[in-house]
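Some notes on the structure that comes next.
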Amino acid sequence: MSNYENAIEIKGLTKKYDGFTLDNVSFNVPRGSIMGFIGQNGAGKTTTIRSLLNIIPVDSGEIKLLGLDHVKDEYEAKQRMAVVFDEMPFHDMFTGNVLAKMFAGLYASWDEKHFYELCDRFGLPVKKKLGKFSKGMKMKMQIAAALSHGAELLVMDEATTGLDPVVRNEILDIFREYLSGDDRSILMSSHITSDLEKIADSVTFIDKGRILLSGYKDDILDTHAVIKCAKAEMSDIAPEDRISTRVSDFGAEIMVADRAAAAKKYSGAVIEKTTLEEIMLFYVNRDKKEW
């Protein structure tokens with residue numbers, strides 16, 4: 001195994017399109033961990049993933065996959081990683097048996113036995129054409145293929161979208177098992193934050209092409225909090241302490257990024273724990289201040 005500290009390193013990644021810019025994106029996925037890559041649809045998650053896969057050329061920045069340059073060492077990096085897209089890239093006329101033959105030719109480390117074991121476990125008929133599969137079955141087939149060539153890095157682009165909760169849980173369990181092997185890492189983009197809350201070690205939030213937050217999930221959840229108060233008391237909370245404020249008929253909720261400092265400064269206030277979904281909402285609305 002080669003020597004690398006981070007499974008993915010992205011430094012200063014910039015990509016300009018008409019009307020959208022991926023703006024100086026930097027974050028690392030530590031080796032042996034799972035990172036949730038979170039943002040609304042259109043925030044830049046897929047553009048980032050396509051850039052790191054060298055599907056689209058970048059304007060500037062540096063990307064390393066498993067310690068390798070994503071362009072110069074593209075072939076070697078891709079032999080050692082697997083990607084699961086939200087839409088199935090395999091032809092509808094293919095069957096599981098056809099995929100098994102195809103992948104045996106593509107990957108030196110293809111493990112046919114493991115592939116068929118996963119198909120069996122997922123209840124995937126290997127003689128049936130993929131076009132006849134449900135969305136959940138198609139996703140499981142992609143995952144079975146992805147996990148059958150000893151990949152050290154798994155990249156998932158919105159892979160749990162549109163799946164029912166039972167299937168999503170099953171897939172999350174499989175990722176947990178995959179990570180229990182040595183030195184395996186996952187980057188999983190999603191706007192379903194509850195999935196990532198269950199499984200991710202760290203999270204990176206992207207919004208409008210910019211990284212808002214990146215760090216260990218537990219640290220982000222521990223430091224952020226929501227102050228609940230009456231509308232009349234809103235002005236007691238200093239503007240510099242607020243990320244944004246949600247106002248309703250019942251009062252106001254103010255997101256703060258430093259829970260401990262807020263608890264000291266506003267000792268009488270009701271300060272509650274928060275979730276990744278709430279954090280995302282309050283950050284996305286940060287320019288409005290009140291929403």
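R184 contributes about 80 Å² of solvent-accessible surface, heavy atoms of the protein only, 1.4 Å probe. For a straight C-alpha distance cut-off of 20 angstrom, the aspartates and glutamates reachable from K72 (same-chain residues fewer than eight places away being disregarded) are E5, E9, D59, E62, E152.
Normalised by the number of residues in the chain, the average gap of Cα pairs under 8 Å and 6 or more apart makes the relative contact order 20 percent.
The calculated 222 nm mean residue ellipticity attributable to helices in the chain amounts to -9000 deg cm²/dmol, summing -39500 (n - 2.57) over DSSP H runs of n ≥ 4 and dividing by all residues. Taking all protein chains together, D236, D86 sort by accessible area into D236, D86, largest first [probe 1.4 Å]. Protein heavy-atom surface of the chain, 1.4 angstrom probe: 51% of the accessible area is carbon and sulfur, with nucleic acids and ligands not counted. Sorted on the mean count of surrounding Cβ atoms within 10 Å across their residues, most packed first, peptides 281-287, 151-157, 28-34 read 151-157, 28-34, 281-287. Between rounded, prolate and oblate, where does the range 33-95 land on the alpha carbon gyration tensor, with a ≥ b ≥ c its root eigenvalues, rounded for a/c under 1.5, else prolate if a/b exceeds b/c? Verdict is oblate for the range 33-95. Partners of K288 within straight-line reach, counting lysines whose Cα lies under 18 Å from its Cα and excluding those fewer than 8 residues away in the same chain: K208, K231.
Entry comment: accessible area of the chain is 48 Å² per residue, from protein heavy atoms only and a probe of 1.4 Å.
Ordered by solvent-accessible area of protein heavy atoms (1.4 Å probe), largest first, the residues D241, D195 come out as D241, D195.
Cross-link reach is defined here as a Cα-Cα straight distance under 18 Å, omitting same-chain residues fewer than 8 places apart; for K127 the lysines meeting it are K101, K113, K135, K138, K140. Computed 3J(HN,Hα) for the range 196-209, one whole-Hz value per residue from the Karplus formula 6.51 cos²θ - 1.76 cosθ + 1.60 where θ = phi - 60°, is 6, 4, 6, 10, 6, 7, 9, 9, 10, 9, 10, 8, 6, x, glycine and proline marked x. The candidate values are [x] 20.6; [y] 20.0; [z] 23.9; the one derived from this structure for Kirkwood radius over Cα pairs in Å carries the label [x].
The values are calculated or read from the model by the stated rules, or taken from the named source; none is laboratory data. Here the structure is a predicted model, which means the values were calculated and not measured. Neighbour counts are summed over all protein chains in view; Cβ atoms, including those assigned to glycine, are modelled from backbone coordinates with ideal geometry. Note: areas computed on protein heavy atoms with side chains; ligands, DNA, RNA excluded. Shrake-Rupley method; radii C 1.70, N 1.55, O 1.52, S 1.80 Å.
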